Amino acid sequence: MTFDSAYGLMVGYNFLTAQDLRVSSAVSNTADVVIIGAGAAGLSAARDLTARGFRCIVVEARDRIGGRLHTIADPASTTPIELGAEFVHGGAPITRQLARQGRLPIYTVVGDRFQSNRRGFVRLADYWDRLDKVLRLLDQRRSRDRSFADFLAARPGGHKLARERALASQWVRGFQAADPEIVSERAMAEGSSPGEEEERALARITDGYASLVNLLATGVPDLRLAAVASTVIWQRGHVTVVGTTRNESFEVTARAAIITSPVPLLLQRGQTPLEEMGGSIEFEPALPDAYRRALETLAMGDVIRVSHVLDAPFWRTKSVGKNKTLRSVAFVHAGNDGMPVCWTTHPMESPVLVAWFGFPESAELVRRSSDEIESETIAAVARLFHTTRRTLERRVRACHHHNWSRDPFTRGAYSYARVGGADSAKTLSRSIDATLWLAGEAYDAEGRTGTVEGAIGSGLHAAQGVRRALGLSADGKRSAL
Ligand SMILES: Cc1cc2nc3c(=O)[nH]c(=O)nc-3n(C[C@H](O)[C@H](O)[C@H](O)COP(=O)(O)OP(=O)(O)OC[C@H]3O[C@@H](n4cnc5c(N)ncnc54)[C@H](O)[C@@H]3O)c2cc1C
């Protein structure tokens, strides 16, 4: 199946596209619920509500479903290539239950973790324990919130935890994609310390996140692709979503709306060339002040992740000391708490090496052209693996990445709370006059921000609110989950 990408990507990975999903123009434009966005949150909400007998219309700006779940295939790789989310983090009970239901195999990520320094590779033993030593000192109940940088500046753990603090800083900048100067200590304390064994688990869906997306979409009959919503006109119990699809305008009317647009699309409108490309949503009347203030306390991190498809997994024979190689390596971290962090597909065998850049490198890289990004990341990966750029270049068969920060319908990778914003997701997860609901990774009240589990959970939470507001389905059908 060919995937027609608006962003110059390659062959699709079994993704449902406009050709597969009938884009309806002659059908009714009236529904019980209109949902903006066919990512994890929007599809989960639509699936749940449809299964309970509610008529839903989903409008999606792109020519494909999935949003930040975007799996592609490369003939030279035996594993799917993810341009957005890749891992199932922690217990993730909703994601795992869905996968079981859809018979989608999941495998656990095992393997070694190394740090690369000037002299070679050092095994990062007890990675999570060391991280937890610092992260467990974050204070969720602080009366005055402060930034993670201020938390670190107070030298929690003293001299003994200096290295652990560097590791924690790399983790916050890397995997949380957050600027330590602005990310909230209280929010981090609530959502992110991977203290328990279950929270530390990492897994992958064997056939890629696309298989989960397709599962979620299967129960949703009215999905309209290439339909960019621009205005939500609402009053209690009545919503009209106005937008454009290809060359025509559209209007969809419903009793309630679930809006899953990422934070920047609800805040900015037509100020920059990226915003002028569309996607921003205007509300008439405007969102209540409490919601606008809460949105302003959320930031969107930048991430650059590049999947390098190589001629062979060269690291497997790379020596890391007497009779030892990187054969079972899963992750390699840059030394001195820098970037990138690289990972392999271990325990699956594939010649793919992913390089991941978080803050602040990503903030600079997202402004570059694709060629420049690839050239810079190859140079950084070569340094990490103690080889030359030219040697690595000769081995690279293809590079795949998507610049989410320059994607008009995302404008960043995922969200985090600024100082003072620890409770914002909870505020935003509440309905607006029992008529509008925000759903998505940024608006998850359970602290699962920035994850697929959070997006799905938040979609289901919004669906539950809609069901209560509109009345439970007459046939009392059980949830799709
Ligand atoms: C590089 C990267 C790596 C990640 N890695 C992981 C990971 O390993 N594990 C993990 O759990 N999470 C990861 N995440 C986060 C995860 O991908 C997101 O949390 C999740 O997919 C968000 O789902 P969502 O439905 O909230 O938003 P989205 O997926 O962004 O869905 C919103 C949808 O709304 C559409 N839309 C926007 N504006 C409009 C409009 N005006 N009209 C109509 N439609 C509109 C968009 O096109 C999009 O399809 C990663 C994200 C990125 C970017």
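The values are calculated or read from the model by the stated rules, or taken from the named source; none is laboratory data. None of these values were measured; they are calculated from a predicted model. Cβ atoms come from the backbone with ideal geometry, glycine included; neighbour counts cover every protein chain shown.
Some notes on this structure:
- The set of residues in region 64-106 being under 21 Å from Ala45 (Cβ atoms) and either charged (D, E, K, R) or more than 9 Å from the ligand (Cβ to nearest atom) (or both) consists of Arg64, Arg68, Pro93, Ile94, Arg96, Gln97, Leu98, Ala99, Arg100, Gln101, Gly102, Leu104.
- Restricting Ser375, Ser458, Ser370, Ser415 to those that are touching a residue at least 12 places away in the same chain (Cβ under 8 Å) and away from the ligand (no atom under 12 Å from the Cβ) reduces the list to Ser370.
- The strands (runs of 3 or more DSSP E) found wholly in region 223-271 and carrying at least 2 residues that are near the ligand (Cβ under 9 Å from one of its atoms) and surrounded by 15 or more Cβ atoms within 10 Å (Cβ to Cβ) occupy 227-235, 238-245.
- Subset tally (residues that are touching a residue at least 24 places away in the same chain (Cβ under 8 Å) and either surrounded by 20 or more Cβ atoms within 10 Å (Cβ to Cβ) or out of contact with any strand residue (DSSP E or B) (no Cβ under 8 Å at 6 or more places or on another chain) (or both)) for region 94-111: 7
- Looking across region 37-59, the residues that are near the ligand (Cβ under 7 Å from one of its atoms) and within 17 Å of the chain's Cα centre (by Cα) come down to Gly37, Ala38, Gly39, Ala40, Ala41, Gly42.
- Selection count where residues are under 18 Å from the mean Cα position of the chain (by Cα) and either modelled with pLDDT of 95 or more or more than 10 Å from the ligand (Cβ to nearest atom) (or both), scope region 432-449: 10
- Being within 14 Å of the ligand (Cβ to nearest atom) and surrounded by 15 or more Cβ atoms within 10 Å (Cβ to Cβ) is a property that Glu275 has.
- Screening Ala210 against (1) surrounded by fewer than 23 Cβ atoms within 10 Å (Cβ to Cβ); (2) touching a strand residue (DSSP E or B) at 6+ places or on another chain (Cβ under 7 Å); (3) part of a helix (DSSP H, G or I) leaves a single unmet condition, (1).
- Of all the numbered requirements in (1) farther than 20 Å from Gly358 by Cα; (2) of a type outside the set (D, E, K, R); (3) surrounded by fewer than 22 Cβ atoms within 10 Å (Cβ to Cβ); (4) in contact with a Leu (Cβ under 7 Å, 6 or more places away or on another chain), Ser169 misses one, and that requirement is (1).
- When Arg397 is tested against the conditions (1) among the basic types (Lys, Arg); (2) in a strand (DSSP E or B); (3) within 14 Å of the ligand (Cβ to nearest atom), the lone failure is (3).
- Flag if Phe359 is farther than 30 Å from Gly420 by Cβ, touching a residue at least 60 places away in the same chain (Cβ under 8 Å) and either buried (at least 19 other Cβ atoms within 10 Å of the Cβ) or in contact with a helix residue (DSSP H, G or I) (Cβ under 8 Å, 6 or more places away or on another chain) (or both): no
- The residues listed here are Thr391, Thr427; of these, the one that is at pLDDT 95 or above, part of a helix (DSSP H, G or I), more than 16 Å from the ligand (Cβ to nearest atom) and outside the structural domain of Leu138 (by TED's automatic domain parsing) is Thr427.
- Restricted to region 295-333, and to residues there that are part of a strand (DSSP E or B) and away from the ligand (no atom under 16 Å from the Cβ), the residue that is surrounded by the fewest Cβ atoms within 10 Å (Cβ to Cβ) is Ser319.
Table: residues versus (1) outside the structural domain of Leu202 (by TED's automatic domain parsing); (2) in a strand (DSSP E or B); (3) at pLDDT 95 or above; (4) closer than 30 Å to Thr253 by Cβ.
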residue: Thr50; (1), (2), (3), (4): yes, no, yes, yes
residue: Gly66; (1), (2), (3), (4): yes, no, yes, yes
residue: Gly91; (1), (2), (3), (4): no, no, no, no
residue: Asp132; (1), (2), (3), (4): no, no, no, no
residue: Gln140; (1), (2), (3), (4): no, no, no, no
residue: Ala149; (1), (2), (3), (4): no, no, yes, no
residue: Arg155; (1), (2), (3), (4): no, no, yes, no
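- Filter result for Ser261 (within 22 Å of Leu460 (Cβ to Cβ), in contact with a Ser or Thr (Cβ under 9 Å, 6 or more places away or on another chain), at pLDDT 90 or above and small (Gly, Ala, Ser)): yes
- Of the residues screened, His401 is not one that is of a type outside the set (A, V, I, L, M), surrounded by fewer than 23 Cβ atoms within 10 Å (Cβ to Cβ) and at pLDDT below 95.
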